[in-house]
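J.: Pasting a structure below so you can have a look.
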Amino acid sequence: QQSWRHGRYAEHHLREHCSSVECLAFVDTPLWGRVLISGAWDGAVYVWQLSRGGSCVRRYHGHSGWITSMAAGSRYVVTGSTDRKVAVWRLDDDSPAPRLTLMHPMEVSVVRFAYPGRSETKIV
């Protein structure tokens, strides 16, 4: 709050999206360092490399509905959407298509990572 009151903030428009941004996450990645990942109502996910002035380094498309939820880690991004899909992307993969797509019987409103053990990660 102190930073906002004293005008110490950065403004950057996510111009790649063509509709409202619903989800944002800051993540430290082995590939680009600190990034901002955004998911929007246009069904797209973008990765912004902060050390390069906020340039877009990845574009992922895999939803026909609005992205309503996102979980981001150092290697994966998982999104849920109104199209009843859960999509998984690897950040080191150039392909815009999801590595994995799971169908759900209803619109997906929340996705999260769970870490039950050090050697495994689950999507819930």
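The values are calculated or read from the model by the stated rules, or taken from the named source; none is laboratory data. Since we're looking at a predicted model, the values are computed, not measured. Virtual Cβ from ideal backbone geometry, glycine too; neighbours counted across all protein chains shown. Each accessible area value is taken on the protein alone, full model and side chains, heavy atoms only, with ligands, DNA and RNA left out. Shrake-Rupley method; radii C 1.70, N 1.55, O 1.52, S 1.80 Å.
J.: Being in a strand (DSSP E or B) and acidic (Asp, Glu): is that true of residue 28 here?
T.: Here the answer is yes, as residue 28 does meet what is asked.
J.: Can you pull out the residues in the range 31-54 that are assigned to a strand (DSSP E or B) and open to solvent by 40 Å² or more (accessible area, probe 1.4 Å)?
T.: Residue satisfying the conditions is 34 alone.
J.: Taking the range 72-87, which residues are among the hydrophobic types (A, V, I, L, M, F, W, C) and either in contact with a His (Cβ under 9 Å, 6 or more places away or on another chain) or surrounded by fewer than 21 Cβ atoms within 10 Å (Cβ to Cβ) (or both)?
T.: Within the range 72-87, 86, 87 qualify.
J.: Has the range 67-87 got any residue that is under 13 Å from the mean Cα position of the chain (by Cα), of a type in the set (S, T, N, Q), in a loop (DSSP other than H, G, I, E, B) and at pLDDT below 95?
T.: Yes, the range 67-87 contains a residue that is under 13 Å from the mean Cα position of the chain (by Cα), of a type in the set (S, T, N, Q), in a loop (DSSP other than H, G, I, E, B) and at pLDDT below 95.
J.: Can you tell me how many residues in the range 88-103 are surrounded by 17 or more Cβ atoms within 10 Å (Cβ to Cβ) and part of a loop (DSSP other than H, G, I, E, B)?
T.: So the answer is 2.
J.: Please give the number of the condition residue 24 fails out of (1) open to solvent by less than 40 Å² (accessible area, probe 1.4 Å); (2) within 23 Å of residue 114 (Cα to Cα); (3) modelled with pLDDT under 95; (4) of a type outside the set (Val, Ile, Thr).
T.: (1)
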